[in-house]
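Below: the structure, in structure tokens.
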Amino acid sequence: MTEHKPLLEITGLSVGYPSAPRPAVEHLSLRVEPGQVAALVGQSGSGKSTTATAVLRQLPPEARITAGAIRLDGLDLTQLSETRMCGVRGKHVALVPQDPGSSLNPVKRVGEQVAEVLRRHCRADRRSAARQAVELLDRMGLDDPGRRARQYPHELSGGMRQRVLIAQAVATQPRLILADEPTSALDATAQKAILDLLDTIVRTSGAGLLLITHDLAVAAERSDTVYVLHAGRVVESGATDDVFAEPRHAHTRELLASVPDPQAPVRAPAPGSGAPLLTVTGLSKQYRTGWRTPGPPAVDAVDLVAGRGQTTAVVGESGSGKTTLARMVLRLTEATAGEIDFAGLDVRAVRGRELRAFRRRAQIVYQNPYSSLDPRFTVGQIVYEPFRALPARQRPDPTEVVPDLLTRVGLEHALVTRRPRQLSGGQRQRVAIARAIATQPDLLVLDEAVSALDVSVQAQVLRLLRQLQDELGLTYLFISHDIAVVRQMAHHVLVMRAGRVVEAGPAAQLLDTPRHPYTRALLDAVPRGRRRGTATTEDRRTPAR
Amino acid sequence: MRPGYVMTRLAQAALVLWAAWTLSFVVLYLLPGDPVRILASGGLENPDLDPARLAQLRADLGFDRPIALQYLTHLADALQGDLGRSITSGQPVVEVIARAIPVTLPLALASLAVAVPVALTIGLLANAVRARWAAELAFSTPALIVSVPTFWLGLVLLQLFSFRWHLFPAASTDSLAGLVLPAVTLGLPNGAILGQVFARSLSQTLAEPYVQVAIAKGLRRSRVIVAHALRNALIPTLTVLGLVVGNTLAGSVIVETVFARPGLGRLIARAVTVQDIPVVQGAVLLGAVVFVLTTLVVDLLYPLIDPRIAHTAPAGTRS
């Protein structure tokens, strides 16, 4: 390689917090070349986002850059005054943030938010900035951009909001774009569209892109070079194709092994099972939007049969009605029409004592293990809590059931006195599962139960769930937006869109030979991370140079 | 906004007014003590009262009829805008109150003119100043101010600014200068409460992802606060502002007593001591009207500040 200056060159960067024993980032070095994509991959807590915020010089006030340099075209950003850094942010370095839901100001029209950057950095007056903002939204592929520009963030979908954020980032034609998990909050179809858009921008503008992601499939498919981060250090780096073809570091291999294989065979049905436990007929939910005006149905005449001991997966993008469906089945939300039969019990009609008995038989595990566990309870109290619904003399001895439940979900007994914040995300979700199986339910609703977890932890929790299902004969209603995860769990799949079931069938049939165009689109949008040994030369992207 | 929403709110308002009126009626009748006896005693401790005269007075004032009948008669009168006559002075309650309003209204407005700038200053100091100690100070001032008893604050202000330095008159209802000290006494604690909420709300807003994105756009800190954080932080502050305005009437009881202003506060204080039921009820009704109106105004302001709040549902859209 000839001697040249890279666009971004980070050398020996260390970032520490006074309260933490170990630095968040340690001796990190990386380069981003113009017109190329460098991926920074790692699990949560590995220091990915700290690196991005260090480049933008937006670290929290208590964090310190203890060593190293961050050079943008040779200019060391760590040495700039705050005033000069203000002129760099947004103009030369732009950010595409993680969560489009909370990254736009809710009380400003999106057009104004895009125009604001132009007015700040490009000396555009109000009118020309507004005009350029509309043009940018148009280039980002928003339909009817003139109208969109006058809308507020809550009126746009997640994918549209991310397009607005990208428009805002590229408005000043920055040289470096930092994309911090730009698609982790989006469903597969929106994810693909956003990644395609970023790709096009990099190719046509010659900007460099630092793509921060926990998703190895995304990194493999979209980057030219990759840096694998583990506990604040780069453990492996190189050309993406080389690293994924022949990973040298154990951590990289571990990460790769946990990526769900989009071609993996689906689960064989558990023997001797399948008699229906839950039968849902014509279930609908309609929220009122006005005095007497019914809104569009959130769930529209859904039929579903969940076989005993099997996993019935409900797939669909955010807002498709999956969670509302699950909540109606558990009687956490009242349905407006339809029937729910649970082993002969009319779920929509049960009241009082019967309803409470039903609740013990049908449990739920939520997506976010951070907010679904009471922070003031210990692990032991959380797991034992379902028994407190029983009359005192029927309650089992906590010293017997709690260790047993913890063992079942693969947690050490020593954790029993810990509180949720002292646990990792995976441990928390295991606690939530232990709580859910405490009352020996028949049905377990898993509402995006592994979506917030890192891939390697996700794989472990999925393994645990399969094992528990085999041991306890549990019936799962598995809600997910992630087809790759569904493939590992489901015996039976329903695809939902805008409240309706567009396709349903056995997992093997539906996932391998989808009939409905929407199912096909969902399946096609799954990033095919070129896994070791399965990649062919043709599907490798030639680096844009 | 839909006509259905406005109708619902008006119905709610009517319900609140009726409940306030009824509750005050019940409470006042349950109180120990006999308004007729207080009236006839003329302020003496244990006067010798002629039972026949007491009975006559009782009958004249309608206190001898069954309580349900009294309630219904008064309610019917109230619905026609007749709130009865003051037991002590014999004047119509509506007139008594109408005379006191022009004294209290300027005080209430002036106290708001003190409270709002105080709140803004506290909130901005707590969040926009880089010096850590200044921010800490701004965060802790509200607790300090609120913990000072209002009447004591009023007395101290009087002592210093009127008697020692002769800057403002001690008691003057017709000059603007006379309004300053009472307005500060009433406005300072209100401003502190508002400032506390505003400071917390602003610091929470500044931690939001969209504020980080705004900083990443290269905006200067002043612009980030003014253009992005301020409006979002205003929503909880506005809720509390509504309550503060509603509470001004209660606050005026102390302030008007200290500064000897013949306003609604003084009127209420005196009417309660002598159990002048019609006047107290009139004041309660007025307080309820003020509360209902301010909540309505606040609720109508929400969607102007936050486009996510739209008055489409019949009720329960208030955040």
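Descriptive notes on the structure:
- Selected residue [surrounded by fewer than 21 Cβ atoms within 10 Å (Cβ to Cβ), hydrophobic (A, V, I, L, M, F, W, C) and under 22 Å from the mean Cα position of the chain (by Cα)] from B:A192, B:A177, B:A128, B:A113: B:A113
- Qualifying residue in region A:103-115 (condition: touching a residue at least 60 places away in the same chain (Cβ under 8 Å), within 10 Å of chain B (Cβ to nearest Cβ) and either of a type in the set (G, A, S) or touching a helix residue (DSSP H, G or I) at 6+ places or on another chain (Cβ under 8 Å) (or both)): yes
- The selection criterion, being closer than 27 Å to B:P307 by Cβ, in a strand (DSSP E or B), among the small types (G, A, S) and at pLDDT 95 or above, holds for A:A94.
- In region A:25-36 there is at least one residue matching the filter, namely being among the aliphatic types (A, V, I, L, M) and touching a Phe, Trp or Tyr at 6+ places or on another chain (Cβ under 9 Å).
- Evaluation of A:P182 against (1) more than 12 Å from chain B (Cβ to nearest Cβ); (2) more than 20 Å from B:V211 (Cα to Cα); (3) of a type outside the set (A, V, I, L, M, F, W, C) (one fails), failing number: (2)
- Of the strands (runs of 3 or more DSSP E) lying entirely inside region A:163-270, the ones with 3 or more residues being farther than 30 Å from A:L136 by Cα and in contact (Cβ under 8 Å) with a residue 60 or more places away in the chain are found at A:225-230, A:233-239.
- Within region A:140-153, one or more residues are within 13 Å of A:S103 (Cβ to Cβ) and either out of contact with any Cys (no Cβ under 9 Å at 6 or more places or on another chain) or in a helix (DSSP H, G or I) (or both).
- Any hit, region A:125-134, residues being surrounded by fewer than 23 Cβ atoms within 10 Å (Cβ to Cβ), β-branched (V, I, T) and away from chain B (no Cβ under 12 Å): yes
- Members of region A:48-76 found to be within 14 Å of chain B (Cβ to nearest Cβ), part of a loop (DSSP other than H, G, I, E, B) and closer than 22 Å to A:T172 by Cβ, listed by number: A:L56, A:R57, A:Q58
- Of all residues in region B:151-186, those being of a type in the set (S, T, Y), under 21 Å from B:A100 (Cα atoms) and outside any loop (DSSP other than H, G, I, E, B) number 1.
- Some residue of region A:16-29 being without any contact (Cβ under 8 Å) to a residue 60 or more places away in the chain and crowded, with 18+ Cβ neighbours inside 10 Å: yes
- Hey, A:A326 buried (at least 20 other Cβ atoms within 10 Å of the Cβ) and touching a helix residue (DSSP H, G or I) at 6+ places or on another chain (Cβ under 9 Å) or not: no
- Some residue of region A:150-158 being buried (at least 22 other Cβ atoms within 10 Å of the Cβ) and more than 29 Å from the chain's Cα centre (by Cα): no
- Applying the criterion of being within 21 Å of B:A233 (Cβ to Cβ) and at the interface with chain B (Cβ under 7 Å from one of its Cβ atoms) to the residues of region A:77-102, the residue that is surrounded by the fewest Cβ atoms within 10 Å (Cβ to Cβ) is A:S102.
The values are calculated or read from the model by the stated rules, or taken from the named source; none is laboratory data. Remember, it's a predicted structure, so these values are computed and weren't measured experimentally. Don't worry about glycine lacking a Cβ; one is built from the backbone with ideal geometry, like all the others, and counts go over all protein chains shown.
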